[in-house]
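Step one of this worksheet: look at the structure below.
The values are calculated or read from the model by the stated rules, or taken from the named source; none is laboratory data. Model, not experiment: these values are computed from the prediction. FYI the Cβ positions are ideal-geometry reconstructions off the backbone, even for glycines, and counts take in every protein chain you see.
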Amino acid sequence: MTRPSPLTAKQLSELVGAGETISRRELAGQDLRQATLCGAMFEEVDLREVDLRGVDMRESLFRACRFDAAKLAGADLRMSVFNGCQFTGADAQGAKLNATVIDAGDAQGLILRDADLRYAAISNLKLTHAVLINANFDSCALLDCDLTGLDLTGTAVVATTFIGADMRQAKLEGASFERVIFSSANFEGATFPGLVAKICQFSDANLTGAVLAKANLTQSNFKGAKLGGAIVTEANVANALFIEADLRQANFAQSKLVQSLFIDALLEQADFTRANMQQCILHRARCKQARFLGADLTYADFSEADLSGADLDSATMFRANLHRVDDTHANIPGRAAALATDPQLAAAQGWQPKY
């Protein structure tokens, strides 16, 4: 079946204005900068290498269209919907995509530098090596997208959701994140020294072997996250949550961890040398053979933690709570300044009904 002949910008505008669906048209390579496409409906339209710079395409619907190498810089795509479209190598620098929905498709190498993505919802899209430098991400959601090689250099990302994102090869030099969700994201083996990620959610994320030295992770949530062998030295991780996290063999030497929670966390062979852990809560944490050399554990609570084989040499233990800890073969020279097991509380915790 042959496709209809190409349309001029004027003809296309007239059809869109009349509410016609533009279906199976060949518009590749055309200059459509004079077109008015607000509220358009496009279906299986070939828009490869088309020039749509600055064109008004608000509240439009595009299904299975091809925008490969298209010029979309400055285009107004607010509240539009793209389903199963291709954007490989397209240039959408400075485009407006507020509240735009993009579901499925291929956008490898897409340029979204300085684009406005506020409230946009992007899902199941291949964004490998896409450039989003200085894009406005406020309240944007990227769900199950392939972000391999994503470039966010120097970008401030705020209140954005990255679900299941693979960030291992992302370019994050100078980027900052605040109130960003990285749930189930993959950072395994990634190197992001000095990363700024404040008040972020890393729940169930994989940061195994990641290098986050001198990072600012203040008030971030790592519940259930995997940080085995991660290097988080000289970092600011105050008021963070590591509940049920896997921190085995992780290195937090000289980091600020004030008031962080490590409840039920795995800290076996982890290194907290000279870390500031004042008022940290480590209830039931498994700290077997962990190192707390010279750490500040003032008011830290190790209730029912496993400290067997742990080394707390030169650690500040003022009123640290060692209630019911397992300290088999542990080295705790500052034990005298700490609180021992509370016998009455221990009796209450061990109480069992007679029948």
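MET167 meets all of the listed conditions (1) modelled with pLDDT under 95; (2) farther than 20 Å from ASN221 by Cα but one, namely (2). If the condition is being at positive phi and in contact with a Leu (Cβ under 7 Å, 6 or more places away or on another chain), then the stretch 287-342 contributes SER314, ARG319. Selection of the stretch 160-180 for residues being β-branched (Val, Ile, Thr) and surrounded by fewer than 21 Cβ atoms within 10 Å (Cβ to Cβ) yields THR161, ILE163. Based on what the data block shows, is LEU77 outside the structural domain of LEU125 (by the TED database) and either buried (at least 16 other Cβ atoms within 10 Å of the Cβ) or modelled with pLDDT of 95 or more (or both)? So LEU77 does not fit the description; no. For the stretch 118-132, taking the residues that are outside any loop (DSSP other than H, G, I, E, B) and not small (Gly, Ala, Ser), the one that is surrounded by the most Cβ atoms within 10 Å (Cβ to Cβ) is identified as LEU125. For the condition crowded, with 18+ Cβ neighbours inside 10 Å, in contact (Cβ under 8 Å) with a residue 12 or more places away in the chain, under 17 Å from LEU142 (Cα atoms) and of a type in the set (Ser, Thr, Tyr), THR100 qualifies. Checking each residue in the stretch 47-74 for being surrounded by fewer than 20 Cβ atoms within 10 Å (Cβ to Cβ), touching a strand residue (DSSP E or B) at 6+ places or on another chain (Cβ under 7 Å) and of a type in the set (Asp, Glu) picks out ASP51, ASP56.
Hey, any hits in the stretch 142-160 for a residue that's assigned to a loop (DSSP other than H, G, I, E, B), under 25 Å from GLN249 (Cα atoms) and assigned by the TED database to the domain that holds VAL131? No, there is no match, as no residue in the stretch 142-160 is assigned to a loop (DSSP other than H, G, I, E, B), under 25 Å from GLN249 (Cα atoms) and assigned by the TED database to the domain that holds VAL131.
Within this structure, ARG284 fails the test of being in a loop (DSSP other than H, G, I, E, B) and touching a residue at least 24 places away in the same chain (Cβ under 8 Å).
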